[in-house]
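Enquirer: Below is one structure. I have some questions about it.
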Amino acid sequence: MKRAWISSIIAGTLLLQGFLVLPTPIRRSILTPVVGYERAGYLNPPLTFPFLDYPLYTNTHETGEPIPQLRLIGIRADGFEEQLSAEGLGMTPWHFNFLIRAAVRSDVTEVRDCLDAIDSPSADALVGLRVEDEPVLWGDGPVRRGPVVTVETLSLREP
């Protein structure tokens, strides 16, 4: 009995999934007699609900299209520049990516908050950051590196 009940829930969910992938006009024409025209417009969940209701891949790249590879360069007061890493700053990769995204957005407040949250002498000595992109070129031949482009330069000095 329990298996039949679970199987019916799975079958119902799959039927709902099949119904939801129908084009909106067809789905609305089926729902309108049941719930009314106004409510039928609101019953428009993501097409993949309840399965795969998230982006599995954020974006795809065509052959030959550059794939961004961002790196963070720290600038000290004496002009010395070094490539920063999550391990070198004592951060998790997730927090390091958050720091890079904040630097790309030129959000000095978030960058300072990220750097203040860690106990690293190398982070305390920074007066600026530069985000560079050295894209990977994926094509028919071997993988190549593209030219290095400066995405953003950010001063961390107090105004």
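The values are calculated or read from the model by the stated rules, or taken from the named source; none is laboratory data. This one's a predicted model, so the numbers in the text were calculated from it and none came from an experiment. Don't worry about glycine lacking a Cβ; one is built from the backbone with ideal geometry, like all the others, and counts go over all protein chains shown.
Enquirer: Among the residues in region 138-158, are any outside any loop (DSSP other than H, G, I, E, B), modelled with pLDDT of 85 or more, touching a Gly at 6+ places or on another chain (Cβ under 8 Å) and of a type outside the set (A, V, I, L, M, F, W, C)?
Expert: So far as region 138-158 goes, yes, one or more of its residues are outside any loop (DSSP other than H, G, I, E, B), modelled with pLDDT of 85 or more, touching a Gly at 6+ places or on another chain (Cβ under 8 Å) and of a type outside the set (A, V, I, L, M, F, W, C).
Enquirer: Take the residues in region 41-82 that are at pLDDT below 85 and aromatic (Phe, Trp, Tyr), then tell me which one is farthest from CYS114 (Cα to Cα).
Expert: Of everything passing the filter in region 41-82, TYR42 is farthest from CYS114 (Cα to Cα).
Enquirer: If I go through region 118-138 residue by residue, how many of them are over 15 Å from LEU72 (Cα atoms) and either surrounded by fewer than 12 Cβ atoms within 10 Å (Cβ to Cβ) or within 19 Å of the chain's Cα centre (by Cα) (or both)?
Expert: The number of residues fulfilling the criteria is 4.
Here is a yes/no grid of residues against (1) in contact with a Phe, Trp or Tyr (Cβ under 9 Å, 6 or more places away or on another chain); (2) under 22 Å from GLY90 (Cβ atoms); (3) among the charged types (D, E, K, R):
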{"residue": "ASP116", "(1), (2), (3)": "no, yes, yes"}
{"residue": "VAL127", "(1), (2), (3)": "no, yes, no"}
{"residue": "VAL136", "(1), (2), (3)": "no, no, no"}
{"residue": "THR153", "(1), (2), (3)": "no, no, no"}
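Enquirer: Right, something else. Pairs, please: C-beta under 8 Å, at least 6 apart or cross-chain, first residue polar (S, T, N, Q) and in region 119-134, second in a helix (DSSP H, G or I)?
Expert: SER120/GLY88; SER120/LEU89; SER122/GLY88; SER122/LEU89
Enquirer: Suppose we filter LEU99, LEU137, LEU115 for residues that are over 30 Å from GLU62 (Cα atoms) and either of a type in the set (Val, Ile, Thr) or in contact with a strand residue (DSSP E or B) (Cβ under 9 Å, 6 or more places away or on another chain) (or both); which single one remains?
Expert: Numbers: LEU99 fails: over 30 Å from GLU62 (Cα atoms); LEU137 fails: over 30 Å from GLU62 (Cα atoms).
The conditions single out LEU115.
Enquirer: How many residues, within region 140-159, are aliphatic (A, V, I, L, M) and either more than 21 Å from GLN69 (Cα to Cα) or out of contact with any strand residue (DSSP E or B) (no Cβ under 9 Å at 6 or more places or on another chain) (or both)?
Expert: So the answer is 1.
Enquirer: Between residues in region 70-93 that are under 23 Å from PRO135 (Cα atoms) and among the charged types (D, E, K, R) and residues that are at pLDDT below 90 and surrounded by 11 or more Cβ atoms within 10 Å (Cβ to Cβ), which pairs lie under 8 Å by C-beta distance while being six or more apart or on different chains?
Expert: Partner pairs satisfying both residue conditions: GLU82/SER122.
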